[in-house]
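Undergrad: I'd like to ask some things about the structure below.
The values are calculated or read from the model by the stated rules, or taken from the named source; none is laboratory data. What you are looking at is a predicted structure, and each value in this text was computed from that prediction instead of being measured. Positions of Cβ are backbone-derived with ideal geometry, glycine not excepted, and every protein chain shown enters the neighbour counts. The protein model used for the area step is the full one, side chains on, heavy atoms only, and it has no ligands, DNA or RNA in it. Shrake-Rupley method; radii C 1.70, N 1.55, O 1.52, S 1.80 Å.
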Amino acid sequence: MRKVKALFLNFILLCGVSVILQTVALSFQAYLARNLGAEGLGLFQLTLSVYFLAATFASSGMRFTATRLVAEELGARRPNGAIQAVRLCLACAAAFGIAATILVNLGANWIATVWLNDDRAILPLRIFSFSLPLTSLSGVFSGYFIGVRKAADIAAAQLIEQVLEVTASVALLSICLPMGLTYSCAAAALGRVLGELGSCFIQFVLYRKAIKNQSRKNSASTPHLFRRLLHIAAPTALSSYLTSSIHTIEHLLIPYGLKKGGASESGALATFGIIRGMAMPLILFPAFLLSTALDLVLPELTESQAAGHLRHLSYIIGRVYRIGVLFSVCMMWIFLRFSHELGMLIYQSTDAAYFIRCLAVLAPFFYLDMITDMMIRGLGRHMSTMKYNLITSLVSVVLLYLLLPKFAIAGYLITVYCSKILNFTLSLHKLVHISDLKIRLFDIFKVVLCIIASAQLATLMSRLLPVFPEPFSFLVQIALTILFYILTLRIFACVSREDIAWCRSLLK
């Protein structure tokens with residue numbers, strides 16, 4: 001119970017910091033939307049698509065590899081083996097990061113003119129490239145801190161990165177906005193580089209401090225460390241390369257397909273900016289809570305599997321999945337019911353509100369698919385996630401190519417729905433097969449009834465309360481919906497006495 005309690009406290013700490021950071025990030029995204037405009041945001045998102053592809057190559061699965069190797073070494077009571085694993089991961093990450101920087105710099109002209117069909121992306125791409133070694137090294141440090149459950153260190157690095165990125169970007173944009181979209185996007189890119197630099201530096205300092213007092217007794221080399229690294233990193237990296245490449249193709253196909261369907265170049269970029277830069281970040285905004293929990297649960301899965309504690313392993317998987325279902329259904333309803341209010345409050349855009357509503361039903365599939373994939377990887381089945389992601393991404397590319405020119409935005413929405421539901425179905429089937437996870441449709445039906453009843457109660461209650469000025473009126477209604485949802489979950493036994501007792505034990 002002491003380990004579970006420490007896990008819970010780390011989760012609370014990371015969630016508290018993440019709430020602040022993600023709120024700042026979403027506010028910054030809204031700032032970019034207002035200042036760059038929909039077309040400028042679309043150009044920046046296209047550039048980011050290429051940057052994320054390069055960052056995938058630079059990282060090459062080292063973050064997850066570091067986490068798993070550190071967890072395995074600690075589970076085998078070899079703390080010095082964990083340090084050796086981190087050093088090996090750092091060496092690999094540095095090599096891949098430098099190689100990625102060189103490749104992006106050399107190919108920036110070709111990428112911008114051929115891939116993106118917009119030479120305004122050349123300068124932002126070159127600036128982005130200098131953050132790639134920092135990104136790869138930071139990933140390894142983060143993987144180490146996750147493996148040893150040092151939530152405070154991760155939180156400190158995230159805080160510094162976010163503060164530096166937002167502060168630098170806002171300051172640089174105030175200078176570069178009059179100079180046009182090229183320099184404005186370059187300013188935002190430079191802000192991200194400075195944020196990565198701060199994050200990497202603070203994580204290096206904290207890592208050195210963490211291992212300073214590490215005992216050197218019995219520090220013989222861990223056997224087969226490089227072979228184990230390859231066994232974990234190779235399928236993870238290959239999966240990331242393939243899926244990231246195809247995702248980049250997906251993103252590039254959206255403005256391309258819209259233009260073939262009759263939209264102007266600026267109109268296609270603007271639509272892409274609204275979808276990828278406004279609606280999607282808001283839909284994925286709550287996912288940080290689940291990703292925080294998964295980062296902390298992942299070492300538990302690995303250690304339990306390595307130690308043969310299958311009962312504890314099944315317990316963790318079942319509880320995490322149930323929390324994911326309760327959380328995702330609530331978020332889906334909030335996005336559906338308050339899409340207009342959220343779109344206007346954050347972006348002052350009715351177009352953004354429209355796409356938020358269109359994508360809201362997919363929220364549970366986004367969140368639960370993320371949970372499922374991470375647990376499958378935590379159980380060592382990397383090849384399965386690679387296979388499913390590859391299949392889904394290929395289906396998505398084919399559908400985009402066929403449907404976008406004919407059906408425009410409707411074709412894009414059909415593609416997103418088909419690909420995400422397909423990926424989730426394949427991943428869930430695999431997780432059920434390799435674990436004792438039980439999916440009961442009646443339980444999910446009860447959860448849906450709870451959120452519907454809670455929303456109706458919140459609407460009735462809000463009419464009895466004093467009239468609040470906007471935007472407080474709908475925020476109060478959201479808060480009431482969540483409160484009634486928690487109560488109805490208990491009434492309908494979606495949350496058991498055992499769950500409540502477990503939560504109370506964590507707070508003692």
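Undergrad: Taking 41 Å as R0, compute the FRET efficiency from the Cβ-Cβ separation of residue 314 and residue 205 and round it to 0.05.
TA: Details: r = 39 Å, r/R0 = 0.95.
Computed FRET efficiency for residue 314 and residue 205 comes out at 0.55.
Undergrad: Moving to a separate point now. Once the piece of chain linking residue 482 and residue 52 is laid out straight, how much longer is it, given 0.36 nm per residue of separation minus the C-alpha distance between them?
TA: Working: separation 430, 0.36 × 430 = 154.80 nm, distance 3.47 nm.
Residue separation times 0.36 nm, minus the Cα-Cα distance, leaves 151.3 nm.
Undergrad: Roughly speaking, what is the stretch gain from residue 436 to residue 395, that is 0.36 nm per residue apart minus the C-alpha to C-alpha distance, in nm to one decimal? Walk me through the intermediate numbers first.
TA: Numbers: separation 41, 0.36 × 41 = 14.76 nm, distance 2.98 nm.
Taking 0.36 nm per residue and subtracting the Cα distance, the gain is 11.8 nm.
Undergrad: Take the residue pairs 150/387; 406/430; 420/446 and return only those whose Cα atoms are more than 27 Å apart.
TA: Details: 150/387 32 Å; 406/430 35 Å; 420/446 24 Å.
Pairs exceeding the cut-off: 150/387; 406/430.
Undergrad: What does the highest-first list of 279-289, 435-445, 173-183 look like by mean Cβ count within 10 Å? Mind showing how you got there, number by number?
TA: Working: 279-289: 19.6, 435-445: 12.0, 173-183: 15.0.
For the peptides 279-289, 435-445, 173-183, the packing ranking is 279-289, 173-183, 435-445.
Undergrad: Not counting ligands, DNA or RNA, and with a 1.4 Å probe, what is residue 332's accessible surface area in Å² rounded to the nearest 10?
TA: The accessible area comes out at roughly 40 Å².
Undergrad: Given a Förster radius of 25 Å and the C-beta distance between residue 102 and residue 245 as r, what FRET efficiency does 1/(1 + (r/R0)^6) yield to the nearest 0.05? Please list the in-between numbers first.
TA: Values: r = 19 Å, r/R0 = 0.75.
E between residue 102 and residue 245, to the nearest 0.05, is 0.85.
Undergrad: First measure r as the distance between the Cβ atoms of residue 340 and residue 224, then evaluate 1/(1 + (r/R0)^6) with R0 = 45 Å and state the FRET efficiency to the nearest 0.05. Don't jump to the answer; show the numbers that get you there.
TA: Details: r = 57 Å, r/R0 = 1.27.
Once the sixth-power term is evaluated, E becomes 0.20.
Undergrad: Something else about it: What residues from the stretch 366-404 fall in the zone where the backbone N is under 20 Å from a label point 7 Å along the Cα-to-C-beta line of residue 95?
TA: Correct set: none at all.
Undergrad: Using a 7 Å offset from the Cα along the Cα-to-Cβ direction at both residue 77 and residue 387, what is the distance between the two label points in nm, to one decimal?
TA: My value for the distance between the label points is 3.8 nm.
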